[in-house]
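Taking it in order: structure first as structure tokens, then the write-up.
The values are calculated or read from the model by the stated rules, or taken from the named source; none is laboratory data. This is a predicted model, so every value here is computed, not measured. Here Cβ is always computed from backbone atoms with ideal geometry, including for glycine, and neighbour counts include all displayed protein chains. Side chains are part of the model used for accessible areas, which takes the heavy atoms of the whole protein and leaves out ligands, DNA and RNA. Shrake-Rupley method; radii C 1.70, N 1.55, O 1.52, S 1.80 Å.
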Amino acid sequence: MTNHVASFDEIKDEFDTYIGDIVYATMTTVDQKGRPRARVLIPVWESVDGLPLGWLATYRTPVKAAHLAGNPHSTFSYWTPRQNAVSIDTVATWVDDLETKRHVWDLYRRTSPQGAGYNLGNFWRDPEDPKLHVLRLEPWRVQVIRRGNLPGRLWYAPGKR
């Protein structure tokens, strides 16, 4: 039986530790016919007012844009051979204002959580680069699994259960 937690703070340390260790997440979206598409990416995460919030610096590819236009729900899955895992169900929205892009650029530079992130300058010249797009990832469900502790601990955003 899954152990439900009332506050994200109850799982935040494991969330940060596992994501900082694993770094790469599989992002899954679905097309208009409900067919899934997965791709490996590196989102960054922060905690705002005690709630998780994710950001993804990315290219606005036709497939990703079409999938999210039809259904903004996406899932991010992290897994390590040590059998630690994090699954994050989100609602993704494109955000293009410069202030947000600068904030996300900084989160990637600092790595957030510690260990996750990279130099966005390897792909875009700066936050003003028109090819840089940002997805805001609002989690409504987060599951953290520690090796041997299936099915782990589960958090839902307020009002989303």
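If you place +1 on the Cβ of every Lys and Arg and -1 on the Cβ of every Asp and Glu, how big does the dipole about the Cα centre of segment 23-79 come out, in debye to the nearest 20?
Values: 6 positive and 3 negative charges, 81 e Å.
Rounded to the nearest 20 debye, it is 380 debye.
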Check which residues have an amide H placed less than 5 Å from residue 152's amide H, if you skip close sequence neighbours.
3
Helix 98-110 versus the longest principal axis of the chain: what is the Cα-based angle in degrees, 0 to 90, to the nearest 10?
60
Treating the beta-carbon of each Lys and Arg as +1 and of each Asp and Glu as -1, no other charges, what is the dipole magnitude of the chain about its Cα centre, to the nearest 20 debye?
680
Hey, how many Å between the Cα centroid of segment 87-101 and the Cα centroid of segment 28-43?
16
Residue-wise, which Karplus ³J(HN,Hα) couplings in Hz belong to segment 51-62, taking 6.51 cos²θ - 1.76 cosθ + 1.60, θ = phi - 60°, and x for glycine or proline?
10, x, 9, x, 9, 10, 7, 7, 8, 8, 6, x
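Determine the alpha carbon to alpha carbon distance for each of 131/160; 33/101; 12/64; 12/131; 12/101 and list only those over 26 Å.
Details: 131/160 33 Å; 33/101 32 Å; 12/64 28 Å; 12/131 32 Å; 12/101 24 Å.
From the list (131/160; 33/101; 12/64; 12/131; 12/101), the Cα-Cα distance tops 26 Å for 131/160; 33/101; 12/64; 12/131.
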Which listed residue (52, 98, 144) has the Cα farthest towards the positive end of the charge dipole for the chain, taking +1 on Lys and Arg C-beta and -1 on Asp and Glu C-beta about the Cα centre?
144
Listed residues 141, 110, 82, most fluctuating in the chain (Gaussian network, C-alpha, under 10 Å):
82
Let me check against my output: what whole-number percent is the relative contact order of the chain, with C-alpha pairs under 8 Å and at least 6 apart?
31
Of all accessible surface on the chain at a 1.4 Å probe, what whole percent is carbon and sulfur?
50
Through the Karplus equation 6.51 cos²θ - 1.76 cosθ + 1.60, θ set to phi - 60°, convert the phi angles of segment 114-131 into ³J(HN,Hα) values in whole Hz; use x for Gly and Pro.
3, x, 8, x, 6, 7, 4, x, 6, 10, 10, 6, 5, x, 8, 4, x, 7
Please give the per residue accessible area of segment 1-139, computed with a probe of 1.4 Å over protein heavy atoms only, in Å².
51
